[in-house]
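Novice: Pasting in a structure now, in structure tokens, and then I'll have a few things to ask.
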Amino acid sequence: MTPDLCCPLVELRQYTVHADRRDDLVTLFDREFVETQEVLGARLIGQFRDLDAPGRFVWMRGFADMATRHEALTAFYYGPVWARHGAAANVTMIDSDDVHLLHPVDAGSGFPLPGVGGAVVRPPAAETSALVGVEIYPVAGDLREFAEFFTAEAEPALGAAPVARLETDPSPNTFPALPVHDDARVFVWVARFPDADAHAAHRAGWDERPGLRAELRRRLSGPPAVLRLAPTARSLLR
């Protein structure tokens, strides 16, 4: 990994929550669960409301490696902050097991954010019109070949540069209290858009290129998931 890119290991976490409690979780999370995880060895990459699913909260966190992940998760979930606030968080949730464990496709594909242990200055707490697009592609063949296809053919055609390209990390989950998908092989593409219209224009590019869309489908084992995410007031990625 390039030293100024975050992070060698990334969790993409999609929580199903009670729609009328999502804002309660966002408020609690932004207030109590950011610095308190980072001081233990995680990097909170971003927290988001899913614009198309009122009952979904999405967030990403990174780690230096699997050993650091195990130590950080153990210290946090068996520590004083979760003991005080875990029940209040859990009551907002229906399911928290939709989690992909990922790593950057190559040395230049990580998030352009400070890595674990590096200094980080979060932007002032504020809402933004920016939108983070996350596209999750279940890959039928070789992950690396798919990443090369997407980078060389899809990105130039669709006119959007990503902030990160990620793929499934095959490492065994050493913290089983928090499950991760162990049967998935996905390529995850993350990009920032100034607003919803810019994201819509990007997505419309697929409809204008049926040949490219057909080639994409040929390489997938199932339909992709396309997430339109609004950063919370304290999200680092925004």
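Novice: Looking at ALA161, ALA214, which one is at pLDDT 95 or above and surrounded by fewer than 12 Cβ atoms within 10 Å (Cβ to Cβ)?
Specialist: It is ALA214.
Novice: From the list ARG84, ARG69, pick out the single residue that is basic (Lys, Arg) and open to solvent by 40 Å² or more (accessible area, probe 1.4 Å).
Specialist: Of ARG84, ARG69, the one residue that is basic (Lys, Arg) and open to solvent by 40 Å² or more (accessible area, probe 1.4 Å) is ARG84.
Novice: In the list ARG203, ARG228, ARG238, which residue meets the criterion of being assigned to a helix (DSSP H, G or I) and under 19 Å from ASP50 (Cα atoms)?
Specialist: Among ARG203, ARG228, ARG238, only ARG203 is assigned to a helix (DSSP H, G or I) and under 19 Å from ASP50 (Cα atoms).
Novice: Given the residues SER171, SER221, which is the only one that is surrounded by fewer than 16 Cβ atoms within 10 Å (Cβ to Cβ), within 19 Å of the chain's Cα centre (by Cα), modelled with pLDDT of 95 or more and of a type in the set (S, T, N, Q)?
Specialist: SER171 is the lone residue from the list that is surrounded by fewer than 16 Cβ atoms within 10 Å (Cβ to Cβ), within 19 Å of the chain's Cα centre (by Cα), modelled with pLDDT of 95 or more and of a type in the set (S, T, N, Q).
Novice: Take ALA125 and tell me if it is among the aliphatic types (A, V, I, L, M) and open to solvent by 10 Å² or more (accessible area, probe 1.4 Å).
Specialist: yes
Novice: Picking from ASP183, ASP106, which residue would you name as being in a loop (DSSP other than H, G, I, E, B), of a type in the set (D, E, K, R), under 30 Å from PRO54 (Cβ atoms) and out of contact with any strand residue (DSSP E or B) (no Cβ under 7 Å at 6 or more places or on another chain)?
Specialist: Of the residues listed, the single one that is in a loop (DSSP other than H, G, I, E, B), of a type in the set (D, E, K, R), under 30 Å from PRO54 (Cβ atoms) and out of contact with any strand residue (DSSP E or B) (no Cβ under 7 Å at 6 or more places or on another chain) is ASP183.
Novice: Among the residues of the range 139-156, write down those that are open to solvent by less than 40 Å² (accessible area, probe 1.4 Å) and among the acidic types (Asp, Glu).
Specialist: Answer for the range 139-156, where residues must be open to solvent by less than 40 Å² (accessible area, probe 1.4 Å) and among the acidic types (Asp, Glu): just GLU155.
Yes/no per residue for (1) within 17 Å of the chain's Cα centre (by Cα); (2) modelled with pLDDT of 95 or more; (3) in a helix (DSSP H, G or I):
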{"residue": "GLN14", "(1), (2), (3)": "yes, yes, no"}
{"residue": "ARG21", "(1), (2), (3)": "no, yes, yes"}
{"residue": "PHE29", "(1), (2), (3)": "yes, yes, yes"}
{"residue": "THR36", "(1), (2), (3)": "no, yes, yes"}
{"residue": "LEU44", "(1), (2), (3)": "yes, yes, no"}
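The values are calculated or read from the model by the stated rules, or taken from the named source; none is laboratory data. What you see is a predicted model, and the numbers here were worked out from it, not measured in a lab. FYI the Cβ positions are ideal-geometry reconstructions off the backbone, even for glycines, and counts take in every protein chain you see. Please note that ligands, DNA and RNA were not included when accessible areas were found on the heavy atoms of the full protein model with its side chains. Shrake-Rupley method; radii C 1.70, N 1.55, O 1.52, S 1.80 Å.
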